[in-house]
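Here's the structure we're looking at; comments come further down.
The values are calculated or read from the model by the stated rules, or taken from the named source; none is laboratory data. Treat the numbers as computed from the prediction; the structure is a model and nothing was measured. Glycine also receives a Cβ, built like all others from the backbone with ideal geometry; neighbour counts cover every protein chain displayed. What goes into the accessible areas is simple: the full protein's heavy atoms, side chains included, and nothing from ligands, DNA or RNA. Shrake-Rupley method; radii C 1.70, N 1.55, O 1.52, S 1.80 Å.
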Amino acid sequence: MASDTPQNLLNKVWDVHTVRELPSGQTQLFIGLHLIHEVTSPQAFAGLREKGLEVRFKDRTFATVDHIIPTESQARPFADPMAEAMMVELERNTAETGVRYFGPDTGQQGIVHVIGPELGLTQPGMTIACGDSHTSTHGAFGAVAFGIGTSQVRDVLATQCLALARPKVRRIEVTGDLAAGVYAKDVILEIIRLLGAKGGIGYAYEYAGAVFDAMTLEERMTVCNMSIEGGARVGYVNPDETTFEYLRGRPYAPEGEAFDRAVSWWKSIASDPGAPYDDRIEIAGGEIAPTLTWGINPGQALAVDQRIPHPSEVPEDDRAFVEEAITHMGFRAGEPIAGTKIDVAFVGSCTNSRISDLREAARVAQTGQVAAGVRALVVPGSQQVQKQAEDEGLPEIFRAAGFQWREPGCSMCLAMNPDKLLGREICASSSNRNFKGRQGSPDGRTLLMSPAMVAAAALAGEVVDVREVL
Ligand code: SF4
């Protein structure tokens, strides 16, 4: 993109997708890709029908089923009549409107934020919307991607546009190298710990620096996925050779000369040297340790060798929330997080259910046996991940260690399916939210961590430092 003034990716992508500036000060923004699923689309389709409207751009709209789908058996009809009804509704809506639907019989079903990238639908320079907060995942490709509500899903179906305020941009540079046993999940948990769960409100996060340059696309997805947990609706990494190589040969990526032309365009939308930012942060990658949450939002995190904070140690504004978290979690201020007994271990979710996540968990799993009394689940993010894992023999490794190997879906991330915590169970989880009740029990307790840390906790029956296992 030719311009004399250096610019960042967010503003370049925003400008080329601007239909017009609205009197409200918002932008009418064209949406390049709209991903839909069974939970936030039924009312949107109903709204469309009520107004006698059609899906405006069918070729930019793709559907799958993920939140409600059971992971033990996906035989129809589902045991839960509500889940079955939602599935039928999605099948009907997509068939009636001509929207492409990646259902379980396609071999391409999975969590919406896993299948978009693996199919090559997600590409640099796009604007991407989906009725799910973790749409920020797709920013890993240098797209501007954000979650939207049900009424906005209807608006995008009808017009392919949204009215949005342009966010500010904070560049978060992570320098140096990560130590062994430290993963992308630890990086984003550390970022949210430092900046706070609300620190990114009004911002898009641009992740940059040597640590991100060295990351795979899957690792970048883990980081961008949790941008929203730091308050930033959008998080992105500038596209580079890693991005282009990931996309080459994917079903919906351009082919041949069209691919080469696309690469030129993708390069042009990356942030320019000297581009302006509204804020900048620098973090030393080498100082990041295996990190996990101890509380009830993802900002309440600490390194695995640290202790639960005393309310008196935190700023006065945070004190009541820290006390609430300590009470809910049943911790004592000052006790070490390592050694916390767990009941459940969950490897899965759109944050960490890709093949590289499963490989790392399997590497740990093969060193031992799941501790007595621990229920351990591994849930691949998509049918394609499932197949690849099966080709590599990962299910055998997990089963031999005592883990359950499940069918693809959101599973225990949100527990809109039979995978739920019971009572006060504590779960070591590779998902993205540790809010009260998130995993299906109002009293359940979630410790967010990397898949390798989850696997290590499953074997030990308690929180351990994965560096001592690997
Ligand atoms: S895995 Fe969790 S966060 Fe991701 S789309 Fe499913 S429910 Fe939402």
Need the failing condition index for Thr446 against (1) assigned to a loop (DSSP other than H, G, I, E, B); (2) under 16 Å from Gly295 (Cα atoms); (3) among the polar types (S, T, N, Q), just the number.
(1)
Wholly enclosed strands (runs of 3 or more DSSP E) of segment 280-385 bearing at least 2 residues within 16 Å of the ligand (Cβ to nearest atom):
344-347, 375-378
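Can you say whether Asp177 is closer than 23 Å to Thr242 by Cα and not β-branched (Val, Ile, Thr), as far as the supplied structure shows?
yes
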Among the listed residues Glu287, Glu323, identify the single one that is open to solvent by 40 Å² or more (accessible area, probe 1.4 Å) and out of contact with any helix residue (DSSP H, G or I) (no Cβ under 6 Å at 6 or more places or on another chain).
Glu287
Considering segment 110-120, residues that are away from the ligand (no atom under 14 Å from the Cβ) and either at pLDDT below 95 or open to solvent by less than 10 Å² (accessible area, probe 1.4 Å) (or both), and then whichever is farthest from Tyr236 (Cα to Cα), we arrive at Leu119
Tell me, please, whether a residue that is more than 25 Å from the chain's Cα centre (by Cα) and in contact (Cβ under 8 Å) with a residue 40 or more places away in the chain can be found in segment 228-247.
no
Considering residues that are surrounded by 11 or more Cβ atoms within 10 Å (Cβ to Cβ) and away from the ligand (no atom under 16 Å from the Cβ), the number found within segment 50-79 is 13
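Taking the conditions exactly as written (out of contact with any helix residue (DSSP H, G or I) (no Cβ under 6 Å at 6 or more places or on another chain) and within 30 Å of Val88 (Cβ to Cβ)), does Gly25 satisfy them or not?
no
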Output the residue which, of all residues in segment 421-441 that are within 26 Å of Ile355 (Cβ to Cβ) and surrounded by fewer than 24 Cβ atoms within 10 Å (Cβ to Cβ), is farthest from the ligand (Cβ to nearest atom).
Arg438
When the residues of segment 387-420 are narrowed to those that are of a type outside the set (Asp, Glu), more than 30 Å from Ala197 (Cα to Cα) and in a loop (DSSP other than H, G, I, E, B), which ends up nearest to the ligand (Cβ to nearest atom)?
Arg406
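Among the residues of segment 83-107, how many are within 16 Å of the ligand (Cβ to nearest atom) and either part of a loop (DSSP other than H, G, I, E, B) or not aromatic (Phe, Trp, Tyr) (or both)?
5
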Taking the condition of being open to solvent by 70 Å² or more (accessible area, probe 1.4 Å) and at positive phi, how many residues in segment 357-407 meet it?
1
Matching residues in segment 254-271 - criterion: being open to solvent by 10 Å² or more (accessible area, probe 1.4 Å) and either part of a loop (DSSP other than H, G, I, E, B) or of a type outside the set (A, V, I, L, M) (or both)
Pro254, Glu255, Gly256, Glu257, Asp260, Arg261, Ser264, Trp265, Lys267, Ser268, Ala270, Ser271
The listed residue being within 16 Å of the ligand (Cβ to nearest atom), open to solvent by less than 40 Å² (accessible area, probe 1.4 Å), at pLDDT 95 or above and in contact with a strand residue (DSSP E or B) (Cβ under 7 Å, 6 or more places away or on another chain), out of Val211, Val237, Val223:
Val223
What residue, of Ile148, Ile201, is open to solvent by 10 Å² or more (accessible area, probe 1.4 Å), at pLDDT 95 or above and either in contact with a His (Cβ under 7 Å, 6 or more places away or on another chain) or within 16 Å of the ligand (Cβ to nearest atom) (or both)?
Ile148
So, Met453, is that one hydrophobic (A, V, I, L, M, F, W, C), part of a helix (DSSP H, G or I) and away from the ligand (no atom under 11 Å from the Cβ) or not?
yes
